[in-house]
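First up is the structure itself, then whatever we jot down about it.
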């Protein structure tokens, strides 16, 4: 089989159907994800172990393939002949190769196009601070941050450095100078790249993901020392994010990182992509702004009170997840059932519907 040609065919199907992901697993049909739902290509043959291995070879460079076989999993970026970009992950399951591909748009969309709140521009226009976009895998975190970075790129002259694994969106320099570094290709790892960034005369730092205490400590320090830092985490909400960062450190260091985080954090934006009644997905979100009251809660180990501060902080610009779910349901964008499904506090949501 000509796996490169067949891969192109499957990519065309993904694009035609408006899908977001393409999966290859032995013993299953090639499968795409459209509007959050998996759809097997039933007209295509069930993939064998040889097929999935063949697709992995078509997708990865020889160095990536070598690393994959050594580590039994690998992240990589793939660009098709048609200039379509994908973030890929290859892994083994039951002794066979499996591959998951996420389509990355070539266009970096605006907040309006993404149905995101305009207040995000406020954080992009800050000169320093630590801003996190959080949520489960596949909820559009990187897309949101790319939109924020692109706003900076369009509006002012800054030196922006991104550290990613792998590089997803490609930025074309406008007013800003943008250097994009990929882990294992342009730098050894996240901590090494972050420490090096302090000597690169940067203004804005975009870290693809907070991984481990070294990365977190360097990011917080960068924000403290006059840089604007953006990153993502796989957490459910703002309160959990603060706790996760602090708990990553040994107990002897937790008080120090708590103080640093209280001083450097600018905001935490949590988002989910919810199926839209008319088709596609629409984001629902929560926004924590690090006011003096929030900083005190972080310092005083009272992060369990953060959800209440968000619920009552609308006048300060904060956004409550349940309120956005209720608004979407009331407008008829999403179903009541979806609102409850994606709510982290259904009892509070019930009072808003």
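The values are calculated or read from the model by the stated rules, or taken from the named source; none is laboratory data. Nothing here was measured: the structure is a model prediction, and the numbers come from that model. Heads up, the Cβs are rebuilt from the backbone with ideal geometry, glycines too, and the neighbour counts pull from every protein chain shown.
So the values come out like this:
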| read-out | value |
| --- | --- |
| Top-ranked residue of segment 207-239 - restricted to ones that are within 16 Å of residue 135 (Cα to Cα) and not in a loop (DSSP other than H, G, I, E, B), ranked as nearest to the chain's Cα centre (by Cα) | 232 |
| Qualifying residue in segment 236-243 (condition: surrounded by fewer than 19 Cβ atoms within 10 Å (Cβ to Cβ), out of contact with any helix residue (DSSP H, G or I) (no Cβ under 9 Å at 6 or more places or on another chain) and in contact (Cβ under 8 Å) with a residue 40 or more places away in the chain) | yes |
| Lone qualifier among 126, 83 - being surrounded by fewer than 19 Cβ atoms within 10 Å (Cβ to Cβ), under 24 Å from the mean Cα position of the chain (by Cα) and assigned by TED's automatic domain parsing to the domain that holds residue 216 | 126 |
| Test for residue 201: is it assigned to a strand (DSSP E or B), outside the structural domain of residue 83 (by TED's automatic domain parsing) and either surrounded by 16 or more Cβ atoms within 10 Å (Cβ to Cβ) or modelled with pLDDT of 95 or more (or both) | no |
| Residue 195, sole failed condition from (1) under 30 Å from residue 60 (Cβ atoms); (2) in contact with a helix residue (DSSP H, G or I) (Cβ under 7 Å, 6 or more places away or on another chain); (3) in contact (Cβ under 8 Å) with a residue 24 or more places away in the chain | (3) |
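So that you can scan it fast, the table gives a plain yes or no per residue for (1) touching a strand residue (DSSP E or B) at 6+ places or on another chain (Cβ under 6 Å); (2) within 27 Å of residue 12 (Cα to Cα); (3) outside any strand (DSSP E or B); (4) not assigned by TED's automatic domain parsing to the domain that holds residue 234:
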| residue | (1), (2), (3), (4) |
| --- | --- |
| 90 | yes, yes, no, yes |
| 131 | yes, no, no, no |
| 138 | no, yes, yes, no |
| 146 | no, yes, yes, no |
| 162 | yes, no, no, no |
| 179 | yes, no, no, no |
| 192 | no, no, yes, no |
| 195 | no, no, yes, no |
